[in-house]
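In what follows, a structure is listed as structure tokens, so that the remarks can point back to it.
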Amino acid sequence: MDIKNYIASIPGFPKEGIIFRDITPILQDPQALRYVTDTFVDFVKKTDADFVIGPEARGFLFGVPVALECNLGFAPIRKPGKLPRESISVKYGLEYGEDELCMHTDAIKPGQKVVVIDDLLATGGTTEAAIQLVEQMGGKVVGCGFVIELDDLHGRDKIGDIPVCSLAHYAGE
């Protein structure tokens, strides 16, 4: 299946010069959603992971069904102020400023092998912060899965030698 057929490209959103890659059509089509889920499930099984995490909000949409199909737990990565229990956080740089991601302190157990699932790999800042959160808790990220990878933004550079599964690639757009 060519998953690009289920990704809508919206020029000028959220601002001029950007082409937003909308994954909503994947969610609306059961075969496309099954394809994405199954592909990530196969990837996660190859990593021998113990756990799945996903950044809000679109990482939840793909990470939870993958965790369920693999019979693994799932933990959300959230923005500050969204988690009700004790959490840890990592600040990371954006093109113009800084952002922060948080996880519950008991989400990852020392030694756990974790896969990050998200919709998009662009500059890699979110994924790099997710990896840092896992490592702070004594876990190890053994894979990262993305529906879309924007190759020209070189997000893989921030992931290092961690295996990556990307289903659709866009470059120079």
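Using DSSP to call loops (not H, G, I, E or B), can you name the GluC sites (Glu not before Pro) in segment 18-100 whose Cβ has at most 10 other Cβ atoms within 10 angstrom?
Numbers: sites: GLU56, GLU69, GLU86, GLU95, GLU98, GLU100; in loops: GLU56, GLU86, GLU95.
When the GluC sites (Glu not before Pro) of segment 18-100 are filtered for loop state and at most 10 Cβ neighbours within 10 Å, GLU86, GLU95 remain.
Taking the highest mean first, how do the peptides 26-35, 112-121 order by number of other beta carbon atoms within 10 angstrom per residue? Kindly include the intermediate steps, with their values, before the conclusion.
Numbers: 26-35: 15.1, 112-121: 24.9.
Those peptides, ordered most packed to least, come out 112-121, 26-35.
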The extension gain from ALA57 to ARG85, computed as 0.36 nm times the residue separation minus the Cα-Cα distance, is 8.2 nm
The correct pair for segment 1-61, radius of gyration to one decimal and Dmax as a whole number, both in Å and from Cα atoms, is 14.0, 42
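Nothing charged except the Cβ atoms of Lys and Arg (+1) and of Asp and Glu (-1): what's the magnitude of the dipole of segment 3-170 about its Cα centre? Round to the nearest 20 debye.
The calculated dipole for segment 3-170 is roughly 320 debye.
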Percent of all Cα-Cα pairs per 5 Å bin for segment 22-150, counting from 0 up to the last occupied bin, reads 2, 11, 22, 24, 20, 12, 7, 1
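Chymotrypsin sites (Phe, Trp or Tyr not before Pro), restricted to segment 74-164: which are DSSP loop and have at most 10 other Cβ atoms within 10 Å? Don't skip to the end; give the middle numbers.
Values: sites: PHE74, TYR92, TYR96, PHE146; in loops: TYR96.
Loop-located and lightly packed - TYR96.
No value in this document is a laboratory result; all are computed from the given coordinates. Everything quoted here is computed from the prediction, not taken from an experiment. Here the Cβ is made from the backbone with ideal geometry for all residues, glycine too, and neighbour counts use every protein chain on show.
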